[in-house]
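Here's the structure we're looking at; comments come further down.
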Amino acid sequence: QVQMEESGGGLVQPGGSLRLSCAVSGNTRSINRMGWYRQAPGKQRELVAHITGSGNTNYADSVKGRFTISRDNANNTVSLQMNTLKPEDTAVYYCNARNNWGIDIWGRGTQVTVSS
(Lines give C-alpha, C1' and ligand atoms only; values in the text may rest on other atoms or scores of the structure.)
Protein backbone atom coordinates (compact mmCIF):
# COMPACT_ATOMS: atom_id res chain seq x y z
CA GLN A 1 0.00 0.00 0.00
CA VAL A 2 0.93 3.63 -0.48
CA GLN A 3 0.34 6.43 2.01
CA MET A 4 0.58 10.11 1.23
CA GLU A 5 0.75 13.12 3.52
CA GLU A 6 0.53 16.73 2.35
CA SER A 7 1.91 19.79 4.08
CA GLY A 8 2.42 23.46 3.36
CA GLY A 9 -1.05 24.87 2.90
CA GLY A 10 -2.27 28.04 4.55
CA LEU A 11 -3.46 31.60 4.09
CA VAL A 12 -1.59 33.93 1.75
CA GLN A 13 -2.29 37.32 0.20
CA PRO A 14 -2.85 37.71 -3.54
CA GLY A 15 0.49 37.78 -5.32
CA GLY A 16 2.15 35.70 -2.63
CA SER A 17 3.73 32.26 -2.73
CA LEU A 18 3.29 28.91 -1.05
CA ARG A 19 5.04 25.58 -1.39
CA LEU A 20 3.15 22.34 -0.95
CA SER A 21 4.94 19.08 -0.25
CA CYS A 22 3.75 15.50 -0.25
CA ALA A 23 5.62 12.66 1.44
CA VAL A 24 4.93 9.23 0.02
CA SER A 25 5.53 6.00 1.91
CA GLY A 26 4.82 2.33 1.46
CA ASN A 27 5.14 0.50 -1.86
CA THR A 28 6.60 3.49 -3.69
CA ARG A 29 8.10 1.33 -6.44
CA SER A 30 4.58 0.79 -7.77
CA ILE A 31 4.08 4.51 -8.40
CA ASN A 32 4.25 5.89 -11.90
CA ARG A 33 2.84 9.38 -12.17
CA MET A 34 2.44 11.85 -9.29
CA GLY A 35 0.65 15.13 -9.15
CA TRP A 36 -1.56 17.70 -7.51
CA TYR A 37 -5.28 18.29 -7.90
CA ARG A 38 -7.51 20.88 -6.30
CA GLN A 39 -11.15 21.29 -5.46
CA ALA A 40 -12.80 24.62 -4.77
CA PRO A 41 -16.16 24.87 -3.00
CA GLY A 42 -18.99 23.88 -5.32
CA LYS A 43 -16.63 22.77 -8.08
CA GLN A 44 -15.27 19.48 -9.33
CA ARG A 45 -11.78 18.33 -8.50
CA GLU A 46 -9.38 19.39 -11.24
CA LEU A 47 -5.83 18.66 -12.26
CA VAL A 48 -3.25 21.26 -11.29
CA ALA A 49 -0.09 19.51 -12.46
CA HIS A 50 1.45 16.09 -12.72
CA ILE A 51 4.92 14.68 -13.28
CA THR A 52 6.05 11.29 -14.48
CA GLY A 53 8.90 9.24 -13.10
CA SER A 54 11.10 10.47 -15.95
CA GLY A 55 10.29 14.09 -15.17
CA ASN A 56 7.76 14.94 -17.87
CA THR A 57 5.29 17.51 -16.62
CA ASN A 58 1.80 18.68 -17.49
CA TYR A 59 0.06 21.78 -16.12
CA ALA A 60 -3.46 23.16 -16.16
CA ASP A 61 -3.61 26.26 -18.34
CA SER A 62 -4.71 28.34 -15.37
CA VAL A 63 -1.44 27.74 -13.50
CA LYS A 64 1.13 27.64 -16.31
CA GLY A 65 3.97 30.04 -15.66
CA ARG A 66 3.02 30.43 -11.98
CA PHE A 67 3.24 26.92 -10.52
CA THR A 68 6.10 24.45 -10.72
CA ILE A 69 5.87 20.77 -9.84
CA SER A 70 8.94 18.80 -8.84
CA ARG A 71 9.66 15.28 -7.73
CA ASP A 72 12.43 13.76 -5.62
CA ASN A 73 12.44 10.06 -6.40
CA ALA A 74 15.19 9.31 -3.87
CA ASN A 75 13.15 10.75 -1.00
CA ASN A 76 9.71 9.91 -2.41
CA THR A 77 8.38 13.43 -2.31
CA VAL A 78 6.50 15.61 -4.77
CA SER A 79 6.27 19.37 -4.33
CA LEU A 80 4.30 22.22 -5.84
CA GLN A 81 5.78 25.71 -5.80
CA MET A 82 2.96 28.22 -6.25
CA ASN A 83 3.84 31.81 -7.11
CA THR A 84 1.75 34.86 -7.94
CA LEU A 85 -1.24 33.30 -6.22
CA LYS A 86 -4.71 34.54 -7.07
CA PRO A 87 -7.98 34.35 -5.11
CA GLU A 88 -9.24 31.82 -7.66
CA ASP A 89 -6.45 29.47 -6.58
CA THR A 90 -8.26 29.02 -3.27
CA ALA A 91 -9.08 25.35 -2.87
CA VAL A 92 -8.23 22.15 -1.09
CA TYR A 93 -5.14 20.73 -2.77
CA TYR A 94 -4.75 16.96 -2.97
CA CYS A 95 -1.60 15.00 -3.62
CA ASN A 96 -2.12 12.17 -6.09
CA ALA A 97 -0.18 9.12 -7.16
CA ARG A 98 -1.08 6.71 -9.94
CA ASN A 99 0.37 3.26 -9.73
CA ASN A 100 1.46 0.96 -12.50
CA TRP A 101 -2.05 -0.56 -12.67
CA GLY A 102 -3.70 2.81 -13.22
CA ILE A 103 -5.14 3.10 -9.72
CA ASP A 104 -5.18 6.55 -8.13
CA ILE A 105 -4.13 7.07 -4.53
CA TRP A 106 -5.02 10.32 -2.76
CA GLY A 107 -3.78 12.30 0.18
CA ARG A 108 -6.20 13.89 2.64
CA GLY A 109 -5.77 17.37 1.21
CA THR A 110 -4.45 20.68 2.45
CA GLN A 111 -6.31 23.99 2.37
CA VAL A 112 -4.90 26.90 0.39
CA THR A 113 -6.64 30.24 0.85
CA VAL A 114 -5.65 33.32 -1.14
CA SER A 115 -7.21 36.41 0.35
CA SER A 116 -6.36 39.91 1.46
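The values are calculated or read from the model by the stated rules, or taken from the named source; none is laboratory data. Please read all numbers here as calculations on a predicted model, not as lab measurements. Don't worry about glycine lacking a Cβ; one is built from the backbone with ideal geometry, like all the others, and counts go over all protein chains shown. Just so you know, the surface numbers come from the protein's heavy atoms only, side chains and all, with ligands and any DNA or RNA stripped out. Shrake-Rupley method; radii C 1.70, N 1.55, O 1.52, S 1.80 Å.
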Please report, as a whole percent, how much of the solvent-accessible surface of the chain comes from carbon and sulfur atoms (probe radius 1.4 Å). 44 percent
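Ordering 11, 20 by how much accessible area each has at a 1.4 Å probe, largest first, what is the list?
Order by accessible area, largest first: 11, 20.
Sort 85, 47 by accessible area with a 1.4 Å probe, largest first. List each step's numbers first, then the result.
On the way: 85 5, 47 50 Å².
Solvent-accessible surface, decreasing: 47, 85.
Assigning unit charges at the beta carbon (Lys, Arg +1; Asp, Glu -1) and nothing else, what dipole magnitude in debye, to the nearest 20, does the chain show about its Cα centre?
Using Cβ point charges on Lys, Arg, Asp and Glu, the chain gives about 120 debye.
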Could you give me the ³J(HN,Hα) list for the stretch 54-63, computed from phi with Karplus coefficients 6.51, -1.76, 1.60 and θ = phi - 60°, whole Hz, x at Gly and Pro? 8, x, 6, 10, 9, 10, 5, 4, 5, 10
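For the stretch 63-100, which trypsin sites (Lys or Arg not before Pro) are both in a DSSP coil and crowded by at most 15 other Cβ atoms within 10 Å?
Counting only loop positions with at most 15 other Cβ atoms within 10 Å, the trypsin sites (Lys or Arg not before Pro) in the stretch 63-100 are 64, 66.
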For residue 75 paired with residue 60, estimate the spin-label separation in nm (one decimal), with each label point 7 Å from Cα along the Cα-to-Cβ line. 2.6 nm
Sorted by chain and then number, the residues having a modelled amide H within less than 5 Å of the amide H of residue 109, at least 5 places away or on another chain, are 6, 95
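Per residue, how large is the accessible surface of the chain? Use a 1.4 angstrom probe and give square angstrom.
54 Å²
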Quick check on the stretch 48-116: what are the equivalent-ellipsoid semi-axes from the Cα gyration tensor, as sqrt(5λ), descending, whole Å? 23, 14, 11
With the contact rule set at Cα under 8 Å and sequence spacing of 6 or more, what percent relative contact order holds for the chain? 36 percent
What ³J(HN,Hα) values, in whole Hz, does the Karplus curve 6.51 cos²θ - 1.76 cosθ + 1.60 give for the stretch 40-52 when θ = phi - 60°, with x put for Gly and Pro? 8, x, x, 10, 6, 5, 9, 5, 9, 6, 9, 9, 8
At most 14 other Cβ atoms within 10 Å and a DSSP loop assignment: could you name the chymotrypsin sites (Phe, Trp or Tyr not before Pro) in the stretch 34-111 that fit? 101
Collect residues whose amide H, placed 1.01 Å from N in the peptide plane, falls under 5 Å from the amide H of residue 90; neighbours closer than 5 in sequence don't count. 114
